[in-house]
Structures are given as C-alpha cells and as structure tokens.
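The values are calculated or read from the model by the stated rules, or taken from the named source; none is laboratory data. All figures in this text were calculated on a predicted structure; none of them were measured in a lab. Note that each Cβ is placed from the backbone with ideal geometry, even for glycine, and that neighbours are counted across all protein chains shown. Heads up: the accessible areas ignore ligands, DNA and RNA and are worked out on the full protein's heavy atoms, side chains in. Shrake-Rupley method; radii C 1.70, N 1.55, O 1.52, S 1.80 Å.
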Amino acid sequence: RWLAAGRTSQRLVLVVVFVALLLDNMLLTVVVPIVPTFLYTTEYEGANSSVASAQTEPPPPALQAPPFSSMFSYFDNTTVTVLGFTSAEKGRETGRPPQPPTSSPPPPSGCPEGEEFLAKENVRVGLLFASKALVQLVVNPSVGLLTNRIGYHIPMFIGFVIMFLSTVMFAFSGTYTFLFIARALQGVGSSFSSVAGLGMLASVYTDDFERGNAMGIALGGLALGVLIGAPFGSVMYEFVGKSSPFLVLAFLALLDGALQLCILQPSKISPESTKGTPVFTLLRDPYILVAAGALCFSNMGVAMLEPTLPIWMMQTMCSPKWQLGMAFLPASISYLIGTNLFGILANKMGRWLCSLIGMAVVGISLLCVPLAKNIYGLIGPNSGLGFAIGMVDSSMMPIMGYLVDLRHTSVYGNVYAIADVAFCMGFAIGPSTGGAIVRAIGFPWLMIIIGVINIAYAPLCWFLRNPPTKEEKI
C-alpha cells in the first residue's frame with residue numbers, strides 16, 4: 001500500500017530527483033581539490049624523489065650529514081639501534097625501508113615547486129574536468145529521444161548504475177588515464193539522471209508555479225552536491241586518503257538505487273501519449289536559444305574556476321590541500337540559498353529580470369576574484385558568484401518547460417536535453433579552454449574575459465519577458 005501511494009506521489013518523485021542530482025554533483029566537485037594535488041604528488045614529486053634516491057645511493061660511512069638526513073641513508077631492512085642522536089631517540093628500533101630525504105612533501109606553508117609542471121597541469125586538469133561535460137553533451141540528445149520513447153523511469157535507473165560504476169572507478173584509479181575514463185563515464189550516467197529527472201518533474205508538476213518551486217528544490221539538490229563536494233573531498237583526502245570520499249559516495253549511490261527501485265518502476269515502459277517536438281525544431285526557436293545561452297555562460301564562469309583556481313591558489317597563496325576545496329564553500333552555500341529563494345521569488349519578480357540581474361552579478365563577481373590575496377579575499381566574489389548562478393538556474397529551468405508549453409508540444413525530454421546540453425557546454429568549454437588561456441595570458445585575464453562575456457549577454461534576457469505564443473497554441 002505504501003509503495004502504491006509512493007508511486008503516485010509528486011513529492012517522492014521530487015525526492016528521487018533531488019538525491020540523484022545531489023550525488024551527481026557531489027561526484028562532479030569532490031574531484032576538484034583532489035585531482036590537482038594527487039597528480040602533483042604522484043607525478044612531479046614521485047619522479048623527483050626517484051631521481052633523488054638514484055643520486056644519493058652511494059657510500060653511507062663517508063658521509064658527514066646532519067642527524068636527520070643520515071637517519072634515512074643509514075637504515076636498511078634489518079633492525080638497527082640508532083646512535084649519536086638525542087637521548088629520546090637512543091635505543092629506538094625500526095624496521096622501515098630507506099626513504100630519501102627529498103621524498104618528503106613540501107611544508108604546508110611553503111609554495112609547491114615545479115612552476116612549469118603546474119603550468120602544464122592547468123591544461124591536463126582542465127581537459128580531465130571537461131571530459132565529463134563533453135561526453136554528456138554527445139549523449140544528451142539520444143537520452144532526450146529515449147525518454148520520449150520509453151518514459152523516464154528506465155533511463156533514470158540506468159543513470160544510477162553508470163554513476164555507481166564511475167564512483168568506484170574514481171576510488172581505485174591511480175593514474176591520469178583511469179581518472180579520465182572514470183570522469184567520462186560519469187558524463188554518461190549524469191546525462192541519463194539529469195535529463196530523465198528534470199523531464200519527469202516537468203511532467204508530474206503540470207502547474208507552472210508549482211513546477212517553478214519543484215525545479216528550485218531539485219536544483220537545491222544540485223547546489224547541495226556542489227556545496228558539500230569540494231570541502232568534503234579536500235578534508236577527506238587530507239586526513240583519510242584519496243579513496244575514502246569516493247567510497248562514501250558509492251555507498252550513498254546504492255541507497256539512491258534502492259530508493260529508485262521502491263518509488264519508480266524501472267521495469268515499466270511508458271511511452272509518451274503525444275509525440276514530442278523534435279530537438280532540431282526546438283533548437284531553431286530563438287527564445288529557447290536565449291534561455292540556453294544564459295545557462296551556458298553563467299555556469300561557464302564557475303566551470304573555468306574549478307581547474308584553475310586551486311592551481312592559482314597553490315602558486316600565489318601557497319595554500320594547503322584543505323583550503324583548495326574550502327575556497328568553493330561560499331559559492332556553494334550562496335548557490336543553495338539562491339536556488340531555493342528564487343525558485344519562488346523569480347515567478348513574482350519576472351524570471352527574465354531575475355536571470356538578467358543574475359548574469360550581471362556573475363560578471364562582476366568574476367572580475368573581483370583575481371583581486372583576492374588570500375582565501376578570505378575569495379569569500380565575497382565566490383559568494384556573489386554562487387548566489388547569481390542560483391538566480392539564473394532557478395529562473396531558466398522552469399522557463400524551458402514554460403516555452404515548450406507555450407510554443408510547442410508539452411513533452412519535456414528534448415527541451416531538458418537542450419537545457420542540460422547548455423549546462424554541459426559551459427562545463428566543457430570552460431575547463432578545456434580555461435587551462436590553455438591561463439597558460440597563455442594568466443589567471444586574472446581569464447576572469448576578465450568570462451566576466452565581460454556574462455555582463456554583455458545579460459541584456460538578451462529581456463527578450464524572455466513576454467515570449468509570443470505560436471498561432472496553433474492560442
């Protein structure tokens with residue numbers, strides 16, 4: 001009886017979509033602080049320590065080194081008593097293998113070495129982060145068509161299975177190649193989850209005002225994932241290890257799968273009763289293109305920050321690992337507030353006006369990011385950025401559904417595939433070009449370019465103020 005009631009409940013469908021978006025975006029951002037430092041530690045420091053150990057291998061007895069360096073070169077695999085040290089160390093025994101002195105990581109307060117390596121890493125990390133969105137970009141239109149044919153339940157469950165596999169791969173990947181494959185696989189799972197999830201919400205909430213509120217709450221799940229991901233990843237990586245945050249997410253994904261099996265009906269094929277408008281027809285609609293452009297450019301700002309900000313902080317602020325994720329915390333908190341607040345307010349003040357103001361604030365916030373001299377200087381710009389993107393997203397997602405109701409057939413798979421493509425284009429173009437631009441002209445200029453683009457695009461939202469109805473829909 002409870003399952004039968006749950007399957008007809010709008011709120012439980014909203015819970016399923018909320019949790020799916022939460023996990024997807026936690027996995028999206030949990031890697032942001034982990035990947036740059038993990039690659040630096042394994043590739044740069046690993047290579048340097050092996051070179052150093054090859055150079056410092058020769059004769060132990062002739063060396064007159066300070067006590068702590070001689071400790072490393074004197075020990076071998078047998079148990080020895082250390083002499084000639086402080087009284088606290090006399091008689092201490094050890095069986096550890098030798099470790100070269102140069103293999104110890106740089107102190108937390110000091111800047112990492114290897115400027116050239118970090119400059120190249122900007123591009124590699126950017127491409128790795130962009131791979132998810134690029135794959136999602138390719139898969140989205142097919143998922144839109146699939147949901148029109150077989151309904152939303154099966155694609156939603158397929159998304160969960162792929163996301164679980166991707167999370168487990170992240171946990172056990174030790175090289176750049178495997179991390180890249182795991183990130184690309186996440187793009188496929190994310191495409192199924194987000195297109196099917198948003199389409200399902202739009203079909204369950206038929207009233208425009210209710211739909212706006214539901215989209216705001218669902219995007220709150222996306223925001224919460226972004227909010228928790230980066231700080232959770234940096235703290236767990238620093239104190240527990242690389243695999244730990246991914247194993248926690250894999251366990252949460254299993255719970256989400258169980259929830260989907262209860263609430264949804266992944267075995268039931270339920271094609272749409274009416275044929276949806278083709279994707280190419282929707283792409284020729286200028287109003288849908290304006291809304292998609294607003295989603296793309298506003299999210300491109302934060303997408304460019306993800307790979308470049310942690311490396312810029314390592315170079316200019318000498319930030320320890322845990323700070324690299326914490327820098328995104330203000331943006332995530334304000335995004336969470338923005339999506340929930342403007343899910344309701346945007347309908348009253350006009351969604352077009354809400355997104356216009358949001359894009360202008362995104363631009364101004366991005367221009368202020370390079371002015372920060374330490375992590376505290378990033379709080380203001382990042383808070384403004386998160387709040388403004390929340391304004392744009394919570395306005396544009398319901399507008400997409402409204403435009404289809406107003407000007408096309410009320411079938412939502414394809415239009416939310418376009419919305420997700422726009423979102424992904426921001427997260428594909430942003431990191432892939434951001435790393436290259438930083439290497440060519442520097443991080444401050446990157447922020448100026450994307451900031452100006454957002455401010456220049458903002459006035460186009462005025463066209464969404466009162467979109468005309470197609471004649472046959474009047």
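Going by the alpha-carbon gyration tensor, a ≥ b ≥ c the square roots of its eigenvalues, is segment 345-453 rounded (a/c under 1.5) or, if a/c is not under 1.5, prolate (a/b greater than b/c) versus oblate? Working shown, then result.
Numbers: a/c = 3.20, a/b = 1.70, b/c = 1.88.
Taking the square roots of the gyration eigenvalues as a ≥ b ≥ c, segment 345-453 is oblate.
For A292, what charge total do you get from the other residues with a beta carbon under 11 Å from its beta carbon, if Lys and Arg give +1 and Asp and Glu give -1?
On the way: positive: none; negative: D285, D420.
So the surrounding residues net to -2.
Quick one: accessible surface of D393, probe radius 1.4 Å, all protein chains present, in square angstrom to the nearest 10.
About 0 Å², rounded to the nearest 10.
State the percentage of accessible surface on segment 351-460 attributable to carbon and sulfur atoms; use a 1.4 Å probe and exclude ligands, DNA and RNA. Walk me through the intermediate numbers first.
Values: 2640 of 3420 Å².
Result for segment 351-460: 77 percent of the exposed heavy-atom area is carbon or sulfur.
Rounded if a/c is under 1.5, else prolate if a/b beats b/c, else oblate: with a ≥ b ≥ c from the C-alpha gyration tensor eigenvalues square-rooted, which is segment 122-163? Intermediate values should be presented prior to the final figure.
Numbers: a/c = 6.31, a/b = 2.28, b/c = 2.76.
The shape class here is oblate.
Residue separation times 0.36 nm, minus the C-alpha to C-alpha distance between F239 and L283: what's the value? Intermediate values should be presented prior to the final figure.
Details: separation 44, 0.36 × 44 = 15.84 nm, distance 4.75 nm.
Extra length from F239 to L283 when fully extended: 11.1 nm.
Rounded to the nearest 10 Å², what accessible area does F157 have for a 1.4 Å probe in the complete protein model?
The accessible area of F157 comes to roughly 50 Å².
Given an 8 Å cut-off on Cα distances and at least 6 residues of separation, report the relative contact order of segment 319-474 as a percent.
Working: 183 pairs, mean separation 54.4, N = 156.
Taking the mean separation of contacting Cα pairs over the length of segment 319-474, I get 35 percent.
How large a share of the accessible area of segment 167-264, in percent, is made up of carbon and sulfur atoms when the probe is 1.4 Å and the other protein chains stay in place? Let's see the in-between values first.
On the way: 2560 of 3240 Å².
Here carbon and sulfur together make up 79 percent of the probe-accessible area.
Round to a whole angstrom and tell me the spacing of the C-alpha centers of segment 178-214 and segment 339-398.
Centre-to-centre (Cα) distance: 22 Å.
Once label points are set 7 Å from the Cα along Cα→Cβ at both N374 and A258, what is their separation, rounded to one decimal in nm?
Calculated label separation equals 4.6 nm.
By accessible area of protein heavy atoms, probe 1.4 Å, what ranking do R149, R124, R183 get, highest first?
Values: R149 175, R124 70, R183 5 Å².
Most to least solvent-accessible, the answer reads R149, R124, R183.
With every protein chain left in place, what is the accessible area per residue of segment 388-474 in square angstrom, probe 1.4 Å? Let's see the in-between values first.
Working: 3200 Å² over 87 residues.
Accessible area per residue: 37 Å².
Can you tell me how segment 162-231 classifies by the Cα gyration tensor, rounded, prolate or oblate, using a/c under 1.5 as the rounded cut? Walk me through the numbers on the way to the answer.
Numbers: a/c = 4.44, a/b = 2.21, b/c = 2.01.
It comes out prolate by the Cα gyration axes.
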